[in-house]
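Remarks on the structure that follows.
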Amino acid sequence: MVKPGQSRLRRPHGRWSPVQLSPVILTVVIAALAYSTPPDMAFSRILPAAPALAAAMWPVLPTVLLGTVCFLLMIGLSLVFPGLGAWYTVAGIVAVTVAAAYGSHVRLQREQALFQVRLVADAAQKVVLSPMPRCFGGIEIEALYLAAAKEARIGGDFYEVADTQFGARLLIGDVRGKGLPAVGAAAAVVNSFREAAYDEPDLGGIARRLEASSTRYNAAFPPEDLMERFTTAILVEIPYEDGLVRILNCGHPPPLLLNREGLRVLNPTAPSPLLNLADLIGDHYNIDTFHFARGDQLLLYTDGVTEARGRDGEFFPLTDWMRHQNPAHPRELLNKLHRDLLHYSDEGLDDDIAALSVRLREVPDPLDIERATRSA
């Protein structure tokens, strides 16, 4: 890893990239033209552009060295062409080199600050988002996370998975907002889930615990902002032996279930309140149950997926996209989703994205059978 302030002229494999070499190439081209063309064409007058360009990508010392080379080249030109009037250009090279060195110093300081922000984001990500993949009870789970904020690699989307006595329990959600300011609210919800998932006998009890944690966290903010500080979430419970999946949807985009019969959108039969809004609209939580057989694949996602816009301004057609996929390993599905989202949006995703792909193994694992026998 290259540390802030360290020279970045070379790639890790030891070769210089054409972009990093461009100030040297520019210097050579200008010098060649200045020595090979008549003096009245005065190509030498653009030599100060080389150290100015170097400041955008080089550390301070190499930038100063290039400015010194340009200075000596100009002195040489003045000796070859006595009537060139090179001293004005020499003064310009000195002034531009000093300014470029200062600009390079400021750029490196900003890069260091950005590097520290990313370190904080990485630490927050390790706290909020669990490492993947996970596999327990014959259930394979993979995750995809993309943060929209350029200065950080984590935003307001979150997920968590727990292996409990009730089965595999999953959480995915989206805090209103982006970047590091949304991390605190996401952490409050995720940490509450990590405790409640093992204790509460049903998903409604977990949702109430998440609501309480979200309310306590947002109590520190002005009351007039509470309507703007809500969280959508989905709670999922997959018992290990029942062939079912239970879903509690708190205002979140509905999951997609793909199996041999086709695609099914798992819409809730009745709405449940968004987190931090239960005091306003009631705390009645509705749990829906669906069949979940071996080989089926469940996709949970945040609205950053469905609201990714293409070049024509249209949203990403996730339902149609999912309908044309084959039930495969969860990692393969998420890799393809990632690739197709970037292609569809022309590399311009403008919202955080989180997704969980869940698949029930077609062939039971011997450890799963042993575990089910013990629990029985």
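The values are calculated or read from the model by the stated rules, or taken from the named source; none is laboratory data. Everything numeric here is computed off the predicted structure, so don't read it as measured data. Ideal geometry is used to build each Cβ from the backbone, glycine not excepted, and the neighbour counts take in all protein chains shown.
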Requested in this report: Please work out if Val236 is outside any loop (DSSP other than H, G, I, E, B), under 14 Å from Leu356 (Cβ atoms) and free of Cβ contacts under 8 Å to residues at least 60 places away in the same chain.
Outcome: no
Report task. Give the residues of segment 239-273 that are assigned to a loop (DSSP other than H, G, I, E, B), within 30 Å of the chain's Cα centre (by Cα) and free of Cβ contacts under 8 Å to residues at least 40 places away in the same chain, sorted by residue number. Result -> Gly251, Pro254, Leu266, Asn267, Pro268, Pro271
Requested in this report: For segment 298-312, name all the residues that are at pLDDT 90 or above, part of a helix (DSSP H, G or I) and of a type outside the set (Asp, Glu).
Outcome: Val305, Thr306
Query raised in the report: Of all residues in segment 313-348, which are in a loop (DSSP other than H, G, I, E, B) and within 16 Å of Asn259 (Cβ to Cβ)?
Result: His324, Gln325, Asn326, Pro327, Ala328, His329
Report task. From Val96, Val120, grab the single residue that is β-branched (Val, Ile, Thr) and modelled with pLDDT of 85 or more. Result -> Val96
Query raised in the report: Right, Val19: farther than 17 Å from Val90 by Cβ, under 34 Å from the mean Cα position of the chain (by Cα) and assigned to a helix (DSSP H, G or I) or not?
Result: yes
Query - Hits in segment 264-273 (condition: surrounded by 17 or more Cβ atoms within 10 Å (Cβ to Cβ) and either among the β-branched types (Val, Ile, Thr) or out of contact with any strand residue (DSSP E or B) (no Cβ under 6 Å at 6 or more places or on another chain) (or both)) - result: Pro273
Report summary line: Phe158 vs (1) in contact with a strand residue (DSSP E or B) (Cβ under 8 Å, 6 or more places away or on another chain); (2) modelled with pLDDT under 95; (3) over 30 Å from Gln112 (Cβ atoms): all pass except (3)
Report task. Please tell me if Glu195 is more than 25 Å from Gln297 (Cα to Cα), part of a helix (DSSP H, G or I), assigned by TED's automatic domain parsing to the domain that holds Gly304 and at pLDDT 90 or above. Result -> yes
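Yes or no, residue by residue, for (1) buried (at least 17 other Cβ atoms within 10 Å of the Cβ); (2) over 26 Å from the mean Cα position of the chain (by Cα):
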| site | (1), (2) |
| --- | --- |
| Leu275 | yes, no |
| Gly282 | no, yes |
| Phe290 | no, yes |
| Arg294 | no, yes |
| Leu299 | yes, no |
| Gly304 | yes, no |
| Arg309 | no, no |
